[in-house]
Amino acid sequence: MGNSRVEIMVGVFLVLGFLAFGWLALRLGEVSLLTQGTTYTLDAAFNNVSGLKKGAEIQISGVNVGTVRDIRLDEDNMALVRMQLQQNVELPLDSMASIKTQGIIGDKYIQISLGGDTVMYQAGETVVDTESTVDIESLISKFAFGQVGDSSK
């Protein structure tokens, strides 16, 4: 009789452990079902998103307000970045999204500069005022081969 009670306690402990592990995995994986009510998505169209990765931070004034959920090409061959933002963050229509680098060789992130418009972006809309990442390699190659500032070519 004593063994069955220990076995039941071990079973309950294991079930609770698996439930806690599953909840933690869902939270860390940022499953959209758990964050749906607290976030909304906006798209942003960029010419070049070189180095930007899914899961990258989105910042306003240095404060993390969201993450990059997806990056894909649209029908005009522009890089379309799906941004998942906190529900309480409102972006005026004249806001600008820029791809920046943390430090000299750090990760890429999106910096949003808020505008002054009174009309705000709604969920699912596309931010069109964007500033793409600076392609250091092409700048270096242009400089090395003397094509910087040469408008004759």
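Coordinate-derived values only; no laboratory data. All figures in this text were calculated on a predicted structure; none of them were measured in a lab. Because the Cβ atoms are built from the backbone with ideal geometry, glycine has one as well, and the counts that use them run over all protein chains shown.
Details
- Counted by Cβ distance under 11 Å from Gln111, the other residues give a net charge of 0, where Lys and Arg count +1 and Asp and Glu count -1.
- Note, ³J(HN,Hα) from phi for segment 39-46, Karplus 6.51, -1.76, 1.60, rounded to Hz, x at Gly and Pro: 9, 9, 10, 10, 9, 9, 9, 10
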